[in-house]
Amino acid sequence: MIGQWLSRWRSVKPRAEVRADATPPRRAVPRQSPSTSSTNPAAGAQGSWLVARRPLLDRSGGIAGWDLQLSTRASERLARPDTPRVLREAYWFALAQAARETTDAGRRVLIGLPTDALGNSAFLDQLPARSIVRVDHVQARDLAELDAAWGSRIETRGLLLATPPQPDLPLNPAYRLYDGATASANDVWRARGTERWVAMNLRTYEEVSDAVKNGVEFCCGNFVVATRRPESRQVSPLAVNAANILAAIIGGRSTREIAEQFKADTALSHRLLQATRSAALALNRPLDSIQEAVMMLGARELYRWLSVLLMSADSRSTIATALHETALTRGRLLELLAHAAGRDDPAEQLFVTGTFSLLDLILSVPLEVALALTPLPAPATEALIGESGPWWPYLAIALAIEKDDPAALEANCAALKVDLNTAVELGRGARDWAAETIKGLRAEPEKEKAVTRT
């Protein structure tokens, strides 16, 4: 429920990210301090994160799990000929830990592994059942030359195999693998038949949307970049009214005036009362008016709540839910970074900046139309349109974590004087919070439809 996740806004504690100081036990990888002794060979990564994550979308267009692989920095380190075996295994087991944590959170795992890890039985035993192990052409051929039974060895451990179509290899994987970096999507959609497909490395919003429309089981890629400009269209009245109330809050309008704007929209008023129901129960009495509900929620929380509502009020995108969750992750991370940086930048306005960074794709309108719905502070507009200004480093950190771009992450953490490890940990907390928020939003639509019909 919206009221439940709203009451937990400040209570979500970011968990530690999988780092290079993790040791490789068989079943559980305990957290260690970043100041771990240099006798731990994994400490040589100098605080960089080990596991890169990409959202894994399912047929509903929502985020069903994560595509996991070693990060750019970790892969570069393993490519060096002088990499100790113990460090190599530490990296593998950090990857296995990330897979277990993803499964424990109720989400699916698609995982890309180094070829030598695919042949390591002890490592494969660490992966949770029903993880989808993706194997490319080169890996499959290399493994087949060493052991013809490598595929069955993976499957007997309860893991699911995803490989490209390979007539020369006797494999019957659970999924066929489409790699957008090397193949034509149209050819795959026409030839897929009754097989289940996993698509990876899709390059644009349009390619990801097409994959979902064509019934691909799971897909991942750069779905936050569109190549076609959305056509202008009329935004729904609910979204417009939410934006108008946001503008009233920013403009310092009185509680009475804000309450009157709520009253003009029955569905919006109902959502407000639902959001404040928990607080009313704590007072052991019903709320007497919309104005009292506005006062109880408070301007700062109302500002955040309306920002979330605006995103979910009107979206015709095939992958709307994934866009919502990604935007919420960005907003929450920017808010947390504002507190960590210790500057005077307002956390609630940075939250809106992060969430609005995908508003054009969510509402399927041009960016200038989306941002015209409600006035934003100049630093927010500079960051969203010009990728510049004092607030740009906050958004740039979120983008760097999404893209696994260590150089950009380091540069923008330095600009804000925020520790890199802290930023990565806050990103983990932001993802957790966004996932819980989406669950709350999914519980509301049927109630809202009933209210609208009345």
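Within the span defined as region 68-79, every residue fails to be of a type outside the set (S, T, N, Q), open to solvent by 30 Å² or more (accessible area, probe 1.4 Å), closer than 19 Å to THR321 by Cβ and not in a loop (DSSP other than H, G, I, E, B).
Could you run through region 232-274 and say how many residues are charged (D, E, K, R) and outside any helix (DSSP H, G or I)?
3
Checking every residue in region 374-390 against the condition of being in contact with a strand residue (DSSP E or B) (Cβ under 6 Å, 6 or more places away or on another chain) and of a type outside the set (Val, Ile, Thr) gives zero matches.
Looking only at region 86-100, residues that are modelled with pLDDT of 95 or more and among the charged types (D, E, K, R) come to 1 in all. Assess whether ALA239 counts as being surrounded by 18 or more Cβ atoms within 10 Å (Cβ to Cβ), on the phi < 0 side of the Ramachandran plot and out of contact with any Ser or Thr (no Cβ under 7 Å at 6 or more places or on another chain). Yes; evaluated as a whole, the condition is true for this residue.
The values are calculated or read from the model by the stated rules, or taken from the named source; none is laboratory data. Since this is a predicted model, take the numbers as computed values, not measurements. Don't worry about glycine lacking a Cβ; one is built from the backbone with ideal geometry, like all the others, and counts go over all protein chains shown. Please note that ligands, DNA and RNA were not included when accessible areas were found on the heavy atoms of the full protein model with its side chains. Shrake-Rupley method; radii C 1.70, N 1.55, O 1.52, S 1.80 Å.
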